[in-house]
Amino acid sequence: MHFHICVSHSLTTNYQTSLFFMFNALIRTHHITSRKKVTKLKQAADATQVFALLRSGSSPGIMYVEGEEKGVRHWVDTVHNLRYKDYQLVARPAAIQHENQPTKDSEVRPGLYETETVSDFGKQLQDRGVYAWWRKAMGYAKDE
């Protein structure tokens, strides 16, 4: 089910922006090194048509997922069933609350993507408009 919301902004000119009602979730693990498990996560991302971003390699392992509610919940269940060490669902599936307008480069494109650094992971989530949400969920920022 899609909810289509049309938002009208007025600055110097009026324009309309279309937003789909999307969900996201965040998972932290000890690390993500098993290529066999990553392959299963890629298959699940493709099957459920979600965008998934992994911070793989050394500790910590971080997984961000975004898409339609059903797909996000299924993908999170897949991760849980793979029994990652120190699995923590630090942000349960919920409707995305964008802090700022996501950049054009961050449009939802289904599939699994990986990065090796926490700083690049954070940059990609900043581009998606969920940087403060991510920092708070990871314990990097205090409540304000």
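Okay, here's what the table says:
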quantity: Built amide H within the under 5 Å cut-off of residue 96, gap 5+; calculated: 22, 23, 24
quantity: Residue (of 32, 95, 75) at the positive-pole extreme of segment 21-138, dipole from beta-carbon charges; calculated: 32
quantity: Average projection area in nm² (convex hull over Cα atoms of segment 21-138, one quarter of hull surface); calculated: 6.2
quantity: Nitroxide proxy distance, nm - points 7 Å out along Cα→Cβ at residue 42 and residue 109; calculated: 1.5
quantity: Residue 33-residue 117 FRET efficiency (beta carbon distance; Förster radius 25 Å; 0.05 resolution); calculated: 0.95
quantity: Cleavage-rule hits (trypsin sites (Lys or Arg not before Pro)) in segment 45-144: DSSP loop, at most 15 neighbouring Cβ within 10 angstrom; calculated: 83, 85, 142
quantity: Whole-Hz ³J(HN,Hα) from phi, Karplus 6.51 cos²θ - 1.76 cosθ + 1.60, for segment 56-68, glycine and proline x; calculated: 9, x, 6, 6, x, x, 10, 10, 10, 10, 9, x, 5
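The numbers here are math on the coordinates, done by the rules we state, and not lab data. Being a predicted model, the structure only gives us computed values, none of them experimental. Virtual Cβ from ideal backbone geometry, glycine too; neighbours counted across all protein chains shown.
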